[in-house]
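S.K.: Just dropping this structure here.
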Amino acid sequence: MTPSEHQAAKELFGKVLELEPHLRALILDDACAGRPRLRDEVESLLVAYQKAGTFIDVPLVAVTMSSDGVSTPEETMVGRTLGPYHVEAIIGEGGMGVVYRALDTKLNRPVAIKVLSDALADPSARRRFEREAQVASSLNHPHILTVHDAGEFEGRPYLVTELVDAGTFVEWARAEPRSWRQIVELLVGVADGLATAHQAGILHRDIKPANILITKSGYAKLADFGLAKLCEDSTPGAAHTRTEMATRAGTVVGTVGYMSPEQASGQPLDARSDMFSFGVVLYEALAGRRPFTGASDLDVLHAVVHRPPEPLPVEVPRPLRMVLERALEKDPSDRFQSMRDLIVDLRRLVRQSGEAPAVSAVTHRSNRSRRSKVAIAALVVLAAASALVVSRFRETAEPRLREYTQLTNFADSATSPTLSPDGRMLAFIRGESAFNGPEQIYIKLLLDGEPVRLTHDNLNKQSPKFSPDGARVTYGADKPAGGWDTWVVPVLGGKPQLFLANASGLTSIEGGGGQPRLLFSELTGRGHQMAIVSSTESRTEHRTIYTPPENGMAHRSSLSPDRKQVLVVEMGLNGAWLACRLTPFDGSSPGKPVGPAPAQCTDATWSPRGSGCISPPIPAAGLTSGASASRMGRPSRSPSV
Amino acid sequence: MVGVSPEPVTALLKRWRQGDSAALEKLVPLVYSELRRIAARQLRRERPNHTLQPTALVHEVYLKLVDQHRIEWQNRAQFFGIAAQLIRRILVDHVRNRRTAKRGGGTLTVALDDAVSEPARENIDLVKLDDALLSLAAKDEQQSRVVELRFFGGLSIEETAEVLRISPSTVKRDWAAAKAWLYRDMSTRFSP
């Protein structure tokens, strides 16, 4: 490689490094047409860059240049190192302090660091800050900003959180016109996070659009737990004083607008105060204006305490208006009694109004459409390797795999991926084995949520699946005496419960009249023979769909969208995977093997259009993990069966 | 070398920044000899494992040679720029010598700053990095300087840009590409 070739590769590498994989591929295609050496070099550098991690990021000599009187402490923090965090840039400044973007050199991931301003850093404030940080970090919820760490730098406490840098709810709402459904769907996640915090005895006290952060993939995260409390407590007289302060300073007018009547009048607060503030945020997003307005902060407070909210526009569905009216009642005892009650109503609204949200969003050209593409990409490739890769394809007549995003990055395997019904969450098994090992169930918000572990026992597990409402994950687990049971665990965490005995490979399917039914495998009682059956949750209306010969084991099954056929994944007499089988749902015949032959079919599912998708045969299933996720091979599949 | 007064170094840094390249030729030996002197003292005084503490080393030299009140941050960046180059020489020689002395025992005996995280403490073979940097310099001198300033000198992106008189975005790009290039070079290089 000559110096000029090196230069060309360097330039191109710099150009594409920060791009999304598909854009990266487009630019490379364009720039490297007829120059394969250049492309090889750039791709090799990209792979090396990923592998390099924090290699040489931490300098051998830590130069501190703070002796200079010219630069402010804020400026000098950039480029400095706080513990394992290398501070890169300022991303925000607020009353509480400065927020930096930083690199966690231990885990090689970007983080946000909020450094408290000097004014709030007296010893008792610091103790409270640390305690609150601890409490907030115990709130493990996909819609609450994850607190990684807390520490102290030159006497000032700091909080390390996940980095969410696609703006706040304010920008999200302004970016383009949003339908009421989009708004409710986004905020129901926040409500869920808030409900979880309330159950843990924690109030937020400062719910407002600026405290709702939006991730690049379009999820909302509630931030600043505890900070509001700290702010109150650091001045005597708590909430009331804070109101006066805010009014005097004239800088936090927004916050006044989101206060509950009890907050505005200095009364004791409970979870219903947060509910009121949440209601104001939802109201404002729907109406484009706040429910309580006034010429001055004092007028606003007066309106909050005494005046009913101004009516919502008629475009907002009536049931939603009613929900909001109730959340914004002056007397806390007239509101919903918990965020959970509010959430139930919001969810019902979304569910009852027409088609499934994930599908309706396909036409929107926004972050949401990206997410829903993930949702309809029912083809989730089973990877018998250390990484999960979801393929996303365009909504065209013939879906084509065109983009790969690496979703997990563990030293061991992540297998049996499955998407939640709304396409926002991924569940999978993490551990050594690719099938039925002593592994743990994890979930993760797509695309960039932290993986969350749901199970902690030593049972062998397989085939996690979401419940139809996306709130629980079922999975098969070994019985010590032989055979399998199906267990269920809430996605928000909790103790797994036995869901159905002698059942594995379970999926929930839509039964007649909106009643959920189950499709699963059970031991027939004759040796190892396992049949595919369907029943209700209480095992009534039990019906056999497919019984393999003798000791054959039908492990997994998937019902076609038209409810007429079932794709079956089975093992033969010697325990080897067979080709997939397509069998009628009514059980009228054993059906026939389908898909590429000879094949060992380990998993099968349907695309929304009804063409079956079959996992690659085992020898080809090992998708490589690591940096080259954007260039992974195309798995074999049968386009239609 | 005892009794170097702060004035000459501070003045030389200023002259150099104003474009007097002869100033650099006088600066380097001054800084180098002071670095060596303090490094030698560190090694004598320190625990039996002969540990060098680069940060302490550079800071001590800096405090000794540069008049804190008469220097701007650009001059300071330039000082650390020179120090980066010299530190690289001293540290790599140090590791090489120890390796020879201990028949190939490759343990790194350079103490990294306390703030440095555990993973960063491991696995950076300074001799290998030095070799890789030499190869890189043959293709792209500027890239190798960026790495020297940032890794051996601890300079920020902005300070590196100031020393090399290039834009911070160029520093960023050169840094990322060099990191990838060096990592690849070092992981494919035969290690003795």
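The values are calculated or read from the model by the stated rules, or taken from the named source; none is laboratory data. Just so you know, these numbers come straight off a predicted model, no measurement behind them. Cβ coordinates were reconstructed from backbone atoms using ideal geometry, including for glycine residues, and neighbour counts include every protein chain displayed. Surface accessibility is based on the protein's heavy atoms, side chains included, excluding ligands, DNA and RNA. Shrake-Rupley method; radii C 1.70, N 1.55, O 1.52, S 1.80 Å.
S.K.: Under 6 Å between Cβ atoms, at least 6 apart or on separate chains: pull out the pairs that start in region A:275-295 with a residue that is over 17 Å from A:Asp192 (Cβ atoms) and open to solvent by 20 Å² or more (accessible area, probe 1.4 Å) and end on any residue that is part of a loop (DSSP other than H, G, I, E, B) and of a type outside the set (Asp, Glu).
M.R.: So the pair list comes out as A:Glu284/A:Arg290; A:Leu286/A:Val316; A:Ala287/A:Leu312; A:Ala287/A:Pro313.
S.K.: Based on what the data block shows, is A:Pro496 under 23 Å from A:Asp603 (Cα atoms) and open to solvent by less than 60 Å² (accessible area, probe 1.4 Å)?
M.R.: Spelling it out, it is not the case that A:Pro496 is under 23 Å from A:Asp603 (Cα atoms) and open to solvent by less than 60 Å² (accessible area, probe 1.4 Å).
Yes/no matrix, rows are residues, columns are (1) at pLDDT 75 or above; (2) under 19 Å from B:Glu159 (Cβ atoms); (3) crowded, with 18+ Cβ neighbours inside 10 Å:
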site	(1), (2), (3)
B:Val4	no, no, no
B:Pro29	yes, no, no
B:Leu43	no, no, no
B:Ala83	yes, yes, yes
B:Leu86	yes, yes, yes
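S.K.: Now, a different point. For A:Glu244, state whether it is modelled with pLDDT under 80 and in a helix (DSSP H, G or I).
M.R.: Considered against the rule, which asks whether it is modelled with pLDDT under 80 and in a helix (DSSP H, G or I), A:Glu244 comes out as yes.
S.K.: Taking only region B:173-192 into account, find how many residues are open to solvent by 40 Å² or more (accessible area, probe 1.4 Å) and more than 8 Å from chain A (Cβ to nearest Cβ).
M.R.: Residues flagged as open to solvent by 40 Å² or more (accessible area, probe 1.4 Å) and more than 8 Å from chain A (Cβ to nearest Cβ) within region B:173-192 amount to 5.
S.K.: Regarding A:Leu46, is this residue aliphatic (A, V, I, L, M) and either within 14 Å of another protein chain (Cβ to nearest Cβ) or touching a residue at least 60 places away in the same chain (Cβ under 8 Å) (or both)?
M.R.: yes
S.K.: Right, another one. Of the numbered conditions (1) part of a helix (DSSP H, G or I); (2) at pLDDT below 90; (3) open to solvent by 30 Å² or more (accessible area, probe 1.4 Å), A:Arg37 satisfies every one except a single condition; which is it?
M.R.: The number of the failed condition is (2).
S.K.: Could you check how many residues of region B:128-139 are touching a residue at least 12 places away in the same chain (Cβ under 8 Å) and either buried (at least 18 other Cβ atoms within 10 Å of the Cβ) or at the interface with chain A (Cβ under 9 Å from one of its Cβ atoms) (or both)?
M.R.: 6
S.K.: Among B:Arg150, B:Arg145, which is the only one that is farther than 18 Å from A:Lys15 by Cα, at the interface with chain A (Cβ under 10 Å from one of its Cβ atoms), within 17 Å of the chain's Cα centre (by Cα) and assigned to a helix (DSSP H, G or I)?
M.R.: B:Arg150
S.K.: Here is a further query. Can you report the number of residues in region A:434-491 which are over 24 Å from the mean Cα position of the chain (by Cα) and of a type in the set (Phe, Trp, Tyr)?
M.R.: Matching residues across region A:434-491 total 2.
S.K.: Next question, about the same structure. Let me spell it out: the conditions are (1) facing chain B (nearest Cβ under 10 Å); (2) at pLDDT below 80, and A:Gly94 meets all of them except one. Which number is the exception?
M.R.: Every condition holds for A:Gly94 apart from (1).
S.K.: How many residues are assigned to a helix (DSSP H, G or I) and open to solvent by 10 Å² or more (accessible area, probe 1.4 Å) if we restrict to region A:194-204?
M.R.: So the count comes out to 3.
S.K.: If you don't mind, there's one more thing I want to ask. For region A:205-229: of the residues being in a loop (DSSP other than H, G, I, E, B) and within 14 Å of A:Val281 (Cα to Cα), which is least open to solvent (accessible area, probe 1.4 Å)?
M.R.: A:Ile207
S.K.: Give the residue, chosen from A:Leu17, A:Leu12, that is within 13 Å of another protein chain (Cβ to nearest Cβ), buried (at least 17 other Cβ atoms within 10 Å of the Cβ) and modelled with pLDDT of 90 or more.
M.R.: Going through A:Leu17, A:Leu12 in turn, just one is within 13 Å of another protein chain (Cβ to nearest Cβ), buried (at least 17 other Cβ atoms within 10 Å of the Cβ) and modelled with pLDDT of 90 or more: A:Leu12.
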